Amino acid sequence: MGADFDHVVRTIRQRLGAHPVPLQFPLGREDNFIGIINFLEQNVVVWLEETLGAKFEIFEVEKLWDKSFVDSRPDVAAALKGSRSIRSFTTSIARKLSNTLPNTTTKFWTSI
């Protein structure tokens, strides 16, 4: 059993009164954890199980909502099912990021 991402974010809100905005979100939970969703770069990183994470695959976030893609990837389907509120959270976080960050990652990093 590992850390519960949702619980950690909720605890930060409750105990610190802060409003955390995670820039990466886990894809899956516990045994179904397979990668991360990176909101700054608008992509998903999935570690390949057969290489124990030494190799990985990167694809666009939008593919998570493409039914034919998810149906062809049982690992991604299981990870999405294991994540409680991943779609509503990703929509919410994308909206918050688009309001606070420049349009592209390149512009963001060069503006720092």
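Below, the figures for the structure above:
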item: Residue identified as among the acidic types (Asp, Glu) and either at pLDDT below 85 or closer than 20 Å to residue 4 by Cα (or both) among 57, 50; result: 50
item: Residue identified as modelled with pLDDT of 85 or more and polar (S, T, N, Q) among 99, 32, 103, 38; result: 38
item: Every pair of residues 6+ apart whose Cβ atoms lie under 6 Å, when the first sits in the stretch 53-64 and is without any contact (Cβ under 8 Å) to a residue 40 or more places away in the chain and within 11 Å of residue 35 (Cβ to Cβ) while the second is aromatic (Phe, Trp, Tyr) and part of a strand (DSSP E or B); result: 53/47; 56/47
item: Pairs where the first residue, in the stretch 20-36, is under 17 Å from residue 55 (Cα atoms) and the second is part of a loop (DSSP other than H, G, I, E, B) and of a type in the set (A, V, I, L, M), C-beta under 7 Å, 6+ apart; result: 27/34
item: Hits in the stretch 62-78 (condition: touching a strand residue (DSSP E or B) at 6+ places or on another chain (Cβ under 9 Å) and within 22 Å of residue 30 (Cβ to Cβ)); result: 64, 73, 75, 76
item: Subset tally (residues that are at pLDDT 85 or above and assigned to a loop (DSSP other than H, G, I, E, B)) for the stretch 60-90; result: 1
item: Matching residues in the stretch 1-39 - criterion: being in contact with an Asp or Glu (Cβ under 8 Å, 6 or more places away or on another chain), buried (at least 17 other Cβ atoms within 10 Å of the Cβ) and hydrophobic (A, V, I, L, M, F, W, C); result: 34
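The values are calculated or read from the model by the stated rules, or taken from the named source; none is laboratory data. Just so it is clear, the model here is predicted, and its values are computed rather than measured. Note that each Cβ is placed from the backbone with ideal geometry, even for glycine, and that neighbours are counted across all protein chains shown.
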